[in-house]
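Report on the following structure.
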Amino acid sequence: MFYYELPNNYLSEVYVEKGNGSWVSGSWSTRSVLAQLGWSMTSGLHALTHFIILPGVGVCMLKFFLKSHQGEFKPFTWGHGNCTLFYNSHVNPLPTGYQDE
């Protein structure tokens with residue numbers, strides 16, 4: 001489906017090319033465009049669900065899954081980067097164990 005540049009009444013009419021090369025005009029409503037193309041509203045929503053919404057949900061799920069398995073990688077800006085600001089070497093262990101002084 002291709003959209004054509006509209007004439008003077010561009011806010012009220014749309015010209016849509018059918019698959020066979022003919023052009024139809026009508027209003028901007030989804031129902032009228034689908035009806036002129038010979039599609040029902042149900043088939044349009046069915047196609048929208050299968051080709052737009054479900055792949056979009058899949059991409060969002062993949063992005064969330066990959067982001068949730070990504071660990072923190074930015075070190076702290078003080079010390080050697082492995083201790084928090086309120087780190088106490090006598091009470092808090094590092095990932096490798098307690099510090100020996």
Given the residues Phe86, Phe76, which is the only one that is among the aromatic types (Phe, Trp, Tyr) and surrounded by fewer than 10 Cβ atoms within 10 Å (Cβ to Cβ)? Phe86
Answer yes or no: is there a residue in the stretch 85-99 that is in a strand (DSSP E or B) and modelled with pLDDT of 65 or more. yes
In the set Ser68, Ser40, which member is of a type in the set (S, T, N, Q) and at pLDDT below 80? Ser40
With (1) in a helix (DSSP H, G or I); (2) small (Gly, Ala, Ser); (3) at pLDDT 70 or above as the list, and Ser32 as the residue in question, which single condition is left unmet? (3)
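The values are calculated or read from the model by the stated rules, or taken from the named source; none is laboratory data. All figures in this text were calculated on a predicted structure; none of them were measured in a lab. No Cβ is skipped: glycine too gets one built from the backbone with ideal geometry, and neighbour counts run over all protein chains shown.
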